[in-house]
Amino acid sequence: MDKTDYREAVYFRKREYNRNGWNELIIKAADLIALTKEKDVSAVCEGMLKNMLEGDRIVNGSPDKPSADLEIAYYCDNLSESRRRLY
């Protein structure tokens, strides 16, 4: 899986949450890594960061230091393209 695939995987989950009326999706890099058995932590973290829109927040970790500890809260009630991308 490459960076684009991780971005798509996260976006798929965000759409799923939106359809179900759930407002917040929290994804941990460690969980995504375990699910995909990925060795490239940087690729996973970059894919997660590329999905961040205005209003989303980093719960744990740093965007500058890829780590399995990265945890992001995505707000899924509004997936409009008008929301500014953060990364």
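The values are calculated or read from the model by the stated rules, or taken from the named source; none is laboratory data. Remember, it's a predicted structure, so these values are computed and weren't measured experimentally. Please note: Cβ atoms are built from the backbone with ideal geometry, for glycine as well, and neighbour counts cover all protein chains shown. With ligands, DNA and RNA removed, areas are computed over all heavy atoms of the protein, side chains included. Shrake-Rupley method; radii C 1.70, N 1.55, O 1.52, S 1.80 Å.
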| said: If I go through region 59-76 residue by residue, how many of them are within 11 Å of the chain's Cα centre (by Cα) and open to solvent by 50 Å² or more (accessible area, probe 1.4 Å)? | reply: 1
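Any chance region 46-54 includes a residue that's farther than 19 Å from E8 by Cβ, at pLDDT 90 or above and either part of a helix (DSSP H, G or I) or of a type in the set (S, T, N, Q) (or both)? Before you say what the answer is, go through the steps one by one.
Just the residues of region 46-54 that are farther than 19 Å from E8 by Cβ, to begin with: 54.
From what is left, the residues that are at pLDDT 90 or above are 54.
Now restrict to residues that are either part of a helix (DSSP H, G or I) or of a type in the set (S, T, N, Q) (or both): none.
Within region 46-54, none of the residues are farther than 19 Å from E8 by Cβ, at pLDDT 90 or above and either part of a helix (DSSP H, G or I) or of a type in the set (S, T, N, Q) (or both).
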| request: Taking the residues in region 65-87 that are assigned to a loop (DSSP other than H, G, I, E, B), of a type in the set (D, E, K, R) and at pLDDT below 95 as candidates, determine which candidate is nearest to N20 (Cα to Cα). | output: D77
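Can you name every residue in region 39-56 that is of a type outside the set (A, V, I, L, M, F, W, C) and either open to solvent by less than 40 Å² (accessible area, probe 1.4 Å) or within 10 Å of the chain's Cα centre (by Cα) (or both)?
In the first step, residues of region 39-56 are kept if they are of a type outside the set (A, V, I, L, M, F, W, C); the result is 39-40, 42, 46-47, 50-51, 54-56.
E46, G47, K50, N51, D56 - these are the residues of region 39-56 that are of a type outside the set (A, V, I, L, M, F, W, C) and either open to solvent by less than 40 Å² (accessible area, probe 1.4 Å) or within 10 Å of the chain's Cα centre (by Cα) (or both).
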| request: Give Y6, Y75, Y11 a once-over and let me know the one that is touching a Ser or Thr at 6+ places or on another chain (Cβ under 9 Å) and of a type in the set (S, T, Y). | output: Y6
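Taking the criterion of being open to solvent by less than 50 Å² (accessible area, probe 1.4 Å), modelled with pLDDT under 90 and not in a loop (DSSP other than H, G, I, E, B), would at least one residue in region 14-32 satisfy it? Walk me through how you get there before you give the answer.
First pass over region 14-32, keeping only residues open to solvent by less than 50 Å² (accessible area, probe 1.4 Å): 14, 17, 25, 27, 29-30, 32.
Those still in the list that are modelled with pLDDT under 90 too: 32.
Of the ones still in play, those that are also not in a loop (DSSP other than H, G, I, E, B) are 32.
The answer is yes, given that some residue of region 14-32 is open to solvent by less than 50 Å² (accessible area, probe 1.4 Å), modelled with pLDDT under 90 and not in a loop (DSSP other than H, G, I, E, B).
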